[in-house]
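For reference, the structure is listed below as structure tokens.
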Amino acid sequence: DVKVTQSSRYLVKRTGEKVFLECVQDMDHENMFWYRQDPGLGLRLIYFSYDVKMKEKGDIPEGYSVSREKKERFSLILESASTNQTSMYLCASIRDSSSYEQYFGPGTRLTVT
Amino acid sequence: GNSVTQMEGPVTLSEEAFLTINCTYTATGYPSLFWYVQYPGEGLQLLLKATKADDKGSNKGFEATYRKETTSFHLEKGSVQVSDSAVYFCALAPWGAGSYQLTFGKGTKLSVIP
């Protein structure tokens, strides 16, 4: 079974802190995604990566950056956390561009106070 | 651009009731369509999919038929169980090779009571 893991299930940070969210997949997938999930808004794509060191902006990249130094790991970085970044963050991966099924991690619920 | 509209929840049903969650989409060409499910405390997982018009996706008693003429992909189940309580997301993948970014609806929360 494909497994996508995220470093934390719950995280509480203060305004202005730098925050790292880690995601690891164990199936050698090429493409990885970061979403945020908010009530009434569904899932919104923040960034995605189609290869090591490659990244593309999604729909809401402002306030975020990403890093993909190894194929299995995709990190989301909040350079200076703000209260409006309190949300559920979901990581996903997909085998390649011919496959549409995205495999999701369990999510990290981030609270910024 | 592409968009997915699904019925707003929450939806509350009694066990063994019939379920329909409506989903319509806007996209050019022939997108692929999906239903994902998110159980409490978990990430999303693929429930079913359909990749061309008139295809029916099915899994775990759930069904959805890709209707090109009405741009719809409604989710149905004949008899829901308490264990079906979850949030359901309709999604599309745009038409064309290499287009694997999904566009999601806002989600519909289903609660099934005994």
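Coordinate-derived values only; no laboratory data. The shown structure was predicted, so the numbers you read here are calculated from the model rather than taken from an experiment. Neighbour counts are summed over all protein chains in view; Cβ atoms, including those assigned to glycine, are modelled from backbone coordinates with ideal geometry.
Remarks
- Farthest towards the positive end of the charge dipole of the protein assembly as shown, among the residues B:GLN6, A:TYR89, B:THR70, is the Cα of A:TYR89, using unit charges on the Cβ of Lys, Arg, Asp and Glu.
- Counting Cβ atoms of other protein chains within 10 Å of each residue's Cβ and taking the mean over peptide B:102-110 gives 4.
- If R0 is 22 Å, the Cβ-Cβ spacing of A:SER65 and A:THR86 corresponds to a FRET efficiency of close to 0.75.
- The spacing between the range B:48-88 and the range A:52-92, judged by their C-alpha centroids, is 31 Å.
- Assuming charge only on the beta carbon of Lys and Arg (+1) and of Asp and Glu (-1), the dipole of chain B about its Cα centre is about 280 debye to the nearest 20.
- The charge dipole of chain A, taken about its Cα centre with unit charges on the Cβ of Lys, Arg, Asp and Glu (plus for the first two, minus for the last two), comes to roughly 400 debye.
- Per-pair calculated FRET efficiency, R0 = 25 Å: A:GLU101 and B:LYS68 via Cβ, rounded to 0.05: 0.70
- Pairs of Lys residues in the range A:1-105 that lie 8 or more places apart, or on two chains, and have C-alpha atoms under 23 angstrom apart add up to 14.
- Around the amide H of B:TYR30, modelled in the peptide plane, lie the amide H atoms of B:TRP95, all under 5 Å away and 5 or more residues distant in sequence or on another chain.
- Ranked packing of A:107-113, B:29-35, A:32-38, most packed first, by mean Cβ within 10 Å: A:32-38, B:29-35, A:107-113
- Ordering B:GLU8, B:GLU63 by the number of other Cβ atoms within 10 Å of each residue's own Cβ, fewest first, gives B:GLU8, B:GLU63.
- Per-residue Karplus couplings for the range A:59-66, computed as 6.51 cos²θ - 1.76 cosθ + 1.60 with θ equal to phi - 60°, are listed in order as 7, 9, x, 4, x, 10, 9, 9 Hz, Gly and Pro entered as x.
- Radius 11 Å from Cβ of B:TYR30, net charge of other residues (Lys, Arg +1; Asp, Glu -1): +1
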